[in-house]
Amino acid sequence: MSPALGPRRMTYAKDAAPPFYHGTRADLQVGDLLAPGFASIYQEQKLSWIYFSGSLDAAIWGCELAKGEGPECIYVVEPTGAFEDDPNLTDKRFPGNPTKFYRSRAPLRIVDEVTQWELHTAESLKEMKEALARMAAEGDMKIID
């Protein structure tokens, strides 16, 4: 970054270590690339980043909350370029990134698929969807892109 632009506020994924996961409703294959430019699972805004997690639980939430009609899928992914902590979580809700959520402008390569996991309970999913709806109604769903 140019010194003239000043320091960046975000923390970087200095402690990140694989495996990394991406939960979605896209039916993909090992070797496929997931690239930025898709709508968020939370809103219709097209994003210039691709998001992923070092936590299987976060990927489960990702596939459970993803829009679309396809099957819930969780992929083991490998970043193909630089990535950083997701400021939407680390700057807003979880300083230090305990959620292990990251983002990259470079594609993610699918290296494997997780075929078995435990879904969240129907009650937990309902509570999460209600919380997201409340946040949207309050205007608190802005994504730092």
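Could you name the aspartates and glutamates in cross-link range of LYS100, using Cα to Cα under 20 Å and dropping any fewer than eight places away on the same chain?
By straight Cα distance, LYS100 reaches ASP15, ASP57, GLU64, GLU78, GLU84, ASP85, ASP86, ASP91, ASP112, GLU113, GLU118, ASP145.
So what are the ³J(HN,Hα) numbers for segment 114-130, from phi and the Karplus equation (6.51, -1.76, 1.60; θ = phi - 60°), rounded to whole Hz, Gly and Pro as x?
Result, ordered by residue: 7, 9, 9, 7, 9, 5, 5, 5, 4, 5, 4, 5, 4, 4, 5, 5, 5 Hz.
Under 12 Å from the Cβ of GLY31, count the other residues' Cβ atoms, weight Lys and Arg +1, Asp and Glu -1, and hand me the total.
Values: positive: ARG109; negative: ASP32, GLU78, ASP112, GLU113.
Its environment carries a net charge of -3.
Taking amide H positions as placed in the peptide plane 1.01 Å from N, state which residues far from TRP49 in sequence (5 or more) or on other chains have amide H under 5 Å from it.
Excluding prolines and chain starts, which carry no amide H, the hits are GLY37.
Calculate the spin-label point distance for SER55 paired with ALA82, positioning each point 7 Å from the Cα along the beta-carbon direction, and give it in nanometres.
2.6
Under the rule of at least 5 residues apart or a separate chain, name every residue whose amide H is placed under 5 Å from the amide H of VAL77.
PHE20, TYR21, HIS22, VAL111
Could I have the simple spin-label model distance between ALA106 and GLU72, label points 7 Å from Cα toward Cβ, reported in nm to one decimal?
Distance between the two pseudo-spin positions: 3.1 nm.
Read the figures in this text as sums done on the coordinates, not as results from a lab. Just so we're clear, the structure is a prediction, and the values are computed from it rather than from any experiment. Ideal geometry is used to build each Cβ from the backbone, glycine not excepted, and the neighbour counts take in all protein chains shown.
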